[in-house]
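Report on the structure given below.
FYI, it's all coordinate maths here, none of it is from the lab. As the structure is a computational prediction, the values presented were derived from the model and not from experiment. Here the Cβ is made from the backbone with ideal geometry for all residues, glycine too, and neighbour counts use every protein chain on show.
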Amino acid sequence: MNEILFEISEHVAEITINRPEKANALNEAVRNGLFDAFRRANEDPECRVVILTAMGERTFCAGADLVELATIGVSTPPKDYMPILGKNVDHPKPVIAAVNGKALAGGFLLVQMCDLVIASSTATFAITEARRGRGSPWAVPLTRLLPRRIVTELLVTAEPLSAARAFDLGFVNAIAEPSELMNRARTMARIIASNAPLTVKATLKMLQHADEMGLRAAEMVADEIFREVYLSEDAREGPLAFKEKREPVWKGR
């Protein structure tokens, strides 16, 4: 069985964790497969958007494979233990998490690192490290995504957030019934893929800088990020297509 499935259609890459019999836990094969899949999506010029999901409806990802950890005796995870977008994986294309079921520990991390989240109505989100004597230093960016007290609750109680509460808190963009989850994610992905790729890429880069810098410094960097967008062929194509009452043909340059 291939632990990671990968396919591209209509400028959208789908990366699927395929280990449902083990709650899609992150063993070595899954982690290495995710590194490879994100690299392939990044390098493929046909890919404009990525959907990250998993097989089955019960568990999106249960986090680290604890049996594997106990067997090999890993204490502190190495730097490149698993792919983290924006940290050890450079990925300038938008990534949508399509969350079907429980996202626990490292599975929560996979959702946290994505740009957008579509959740099944049955999905839950939990950081369970406190129950296993493990740690979650990777949760620092969560302080930019959720209120401080909610983050504290997640970390010290290890209790889950429902999809509905995660939506109300702004952690989830939309909720779908399980049978409609992938259709909803694909619809969003195709909408994004139909937009000007240089603008989408620059927007993500701007938001990353805004997270990491003060407001005024980020505004100055944003001007530089978008300079090449304004001077691109696509920037001329957009207004021209509007004038000619047709869909724009993006060239990404």
TODO: Apply 1/(1 + (r/R0)^6) to the Cβ-Cβ distance of Glu57 and Val229, taking R0 = 25 Å, and write down the FRET efficiency to the nearest 0.05.
DONE: 0.05
TODO: Take the Cβ-Cβ distance between Glu28 and Arg216 as r, set R0 to 51 Å, and report the resulting FRET efficiency rounded to the nearest 0.05.
DONE: 0.70
- [ ] Identify the residues of segment 222-253 with backbone N under 17 Å of a label point that sits 7 angstrom from the Cα of Ile8 along the Cα-to-Cβ direction, or state none.
- [x] 250-253
Task: Net charge of neighbours whose Cβ lies under 11 Å from the Cβ of Ile118, counting Lys and Arg as +1 and Asp and Glu as -1 - done: +1
Task: Residue with peak Gaussian network fluctuation, the chain [Cα springs, cutoff 10 Å], from Val50, Val172, Val221 - done: Val221
Task: Long pairs among Lys205/Lys251; Lys87/Lys205; Lys205/Lys243, criterion Cα-Cα beyond 22 Å - done: Lys205/Lys243
Open item on the list: Ignoring GluC sites (Glu not before Pro) that are buried or in helix or strand per DSSP, and keeping those with at most 16 other beta carbon atoms within 10 Å, what is the longest stretch of the chain between them?
Closed with: 58-243
- [ ] Largest first and to the nearest Å, give the Cα extent of the chain along each principal axis.
- [x] 60, 43, 33
Task: Degrees, to the nearest 10: 181-193 long Cα axis against longest axis of the chain - done: 30 degrees
- [ ] Given the options Leu52, Leu116, Leu169, state which has the largest fluctuation in a GNM of the chain using a 10 Å cut-off (strictly under) for Cα springs.
- [x] Leu169
Task: Within segment 153-191: backbone nitrogen closer than 11 Å to the Ser121 label point (7 Å, Cα to C-beta) - done: 175-180
TODO: Return the ratio Rg/(2.2 N^0.38 Å) for segment 1-143, where Rg is computed over Cα atoms only.
DONE: 0.99
TODO: Taking amide H positions as placed in the peptide plane 1.01 Å from N, state which residues far from Gly86 in sequence (5 or more) or on other chains have amide H under 5 Å from it.
DONE: His91
